[in-house]
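The structure appears below as structure tokens.
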Amino acid sequence: MHLTDNSLRAYLDQQLPEPERSRIESHLQDCPECAERLAELSALAKQVSLHMAALKPGAAEAPRPASLALRQFNQKETRPMFNIFSKRNLRPLWVTIAVIAVLAIALNFQPVQALAAGFLGLFRVQQVTILPINSNTIQNLQNNQDISKSVSQLFSDSVTTTRAATPPQQVPDASSASKLAGFEVRQWKDSNLPADITVSSGQAFTFTVNRSRAQQILTSLGNNSLQLPQNIDGAKISVDIPAGVSTAYGDCPTMSAMRLREKANLAASTPAASAASASDCLVLLQVPSPAIKTPPSIDPAQLAAIGLQALGMSAQDAQSFSQKVNWSTTLVIPIPTGEVSYQDIQVDGAKGYVLAPVQGTGPGNARYSVVWVKNGIIYSVAGTGDPAQGLAVANDLQ
Amino acid sequence: MSFRSEEERADQKKRAAFEDLFLQNWEKVYGVLFRLTGDRAEAEDLALETFLRLWQRPPAQDQTLAGWLYRVATNLGYNALRSAGRRWRHELDAGMEALAVDSGSPNPAKEVERNEDRQRVQQILSQMQERQAQLLILRHSGLSYQEIAETLNVAPTSVGALLVRAEKEFVRLYEEGGDHAPDG
């Protein structure tokens, strides 16, 4: 009698106890048919294993060591609000910041960025504006495999890193941060909360546009009438993201967790974590404008209009929006309508926005983010609860 | 000099046993959750939550701890995956990471490619029967057949056959192109 797939598979995985294992080994020696099936199952397992390896945490995604995790667990386990204010719930704050940053540097993860903001002249942020986007459109784009493949191809073939990022560094005070980041770092004047300052290194890279691939993306978005101009082919675009500084005031799980991961130093975060209640966390982010350089022949307004239409805007609306915006100085924040609400305000002597998720779309407390640009530096204050608090902090920087 | 009561000693023993279990399983539980969510912060959060539940509401006597632990982790991971808008957030976070505002990514192009592979595999898993997808994730997270059997409530002696079936299905979907919408 031949061996079953079940036994052969378990044998391959060395999951059989000894008498069984020997029995199979001796059978395999005498039965070429079963030996061949074993080879087939082995090839199948290897093939799947190769694909599944993509899900494995990379070096930068390794969890904190078990002993540190346990200490954090012991600390959190006694706190009743364990789930309400976890890093996960805080993350939309970071997402808001990410939206800004991603858009600002025209990074390549989504067609949104690639098309709407990917081809600017010399780009220096001086102001900020909002672009409402239908969230269904975004979801559809993301679920489209062809597009994500084309986008990643568009960039993966042509990106050259000119200044690599290095891990974020924690610094003791604002003056060390200023020194490290190379710009004057501001602080919340009247804070009596512990501050946790981290400097991220920034990075720079260049890429070359392949028009036919970019056009392919447009076409796969389903709008055949949109044509990219010929002159973008071969355009060399360089992106330089300067070092940025984030300051966390109070009990900020995200920052603590970052610190844990970077320094594996739990002790330092303990006093802050236990002293302040969750709603005391505020994060101030300041990043000088990224610089994006493109050949002068490129017309950003024209490209923006094409990109906006690809995102589902009518030709007329796209035209009017793209004419209204000065694409070489404006940071455009795309807001998924129905998920995030926004309100324009005066803050820190500049025009800015308060962004907050539409109620009921996320767990935990309401999160908000105040965003503005002043003297070429992008600022954001993010927190939970009443946005007025964040606004007060934004108006109280030195 | 003070004598601890029976109760106190029992509590301490329970705590020690729990901590052992935590230390032994932390990485593997994280591994399962990372594969499900593709996100470090989320996977760590959910792993901590899994252990919290274990501590607060330990399983009944007749259940094995490992089985319980991985079952809860898998369920939490799946719930997180299903939550609305998650994908959108995930993509943005990926953008964030590449920016090095949060963590350093020396090579944006590589990052894109890696993301692409992940998304493809995750999409295929989402098209499979939930149990088959879980089986692959658990096995590739390094669980033994015994642990898998306890997690999924199947006989340990049937895990091999179930794996073969799941692998064949995975390859079939992969070769088909994997571009069908998940069927809920």
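Any read-out appearing in this document is the output of simple, stated calculations on the displayed coordinates, not a laboratory observation. Because the structure is a prediction, the values reported are computed rather than measured. When we count neighbours, we look across all protein chains shown, and the Cβ atoms used for this are built from the backbone with ideal geometry, even at glycine.
Taken as Cα centroids, the range A:176-233 and the range B:1-56 sit 39 Å apart, rounded to the nearest whole angstrom. Take each residue in B:117-124, count the other chain C-beta atoms within 10 Å of its C-beta, and the mean is 4.
Mind checking the full-extension length gain between A:S297 and A:T206? Use 0.36 nm per residue of separation minus the Cα-Cα distance, one decimal, nm.
So the extension gain works out to 31.0 nm.
By the compact-protein rule of thumb, 2.2 N^0.38 Å, the alpha-carbon radius of gyration of the range B:1-51 corresponds to a ratio of 1.61.
Scoring A:387-395, B:7-15 by mean Cβ neighbours within 10 Å over their residues and listing the highest first yields A:387-395, B:7-15.
Of the peptides A:31-40, B:67-76, the order by per-residue mean of other Cβ atoms within 10 Å, starting with the highest, comes out as B:67-76, A:31-40.
Between B:L21 and A:A350, the modelled label-to-label distance comes to 5.2 nm, taking each label 7 Å out from Cα in the direction of the beta carbon.
Shielding value for B:154-164 is 5, the average number of Cβ atoms from other chains within 10 Å of each residue's Cβ. Ranked by the mean number of other Cβ atoms within 10 Å of their residues, highest first, the peptides B:167-173, A:225-231 fall in the order B:167-173, A:225-231. Label-to-label distance for B:R57 and A:E40 is 4.6 nm, based on points extended 7 Å past Cα in the beta-carbon direction.
From other protein chains only, count the Cβ atoms within 10 Å of every residue's Cβ in B:42-49, then give the mean.
6
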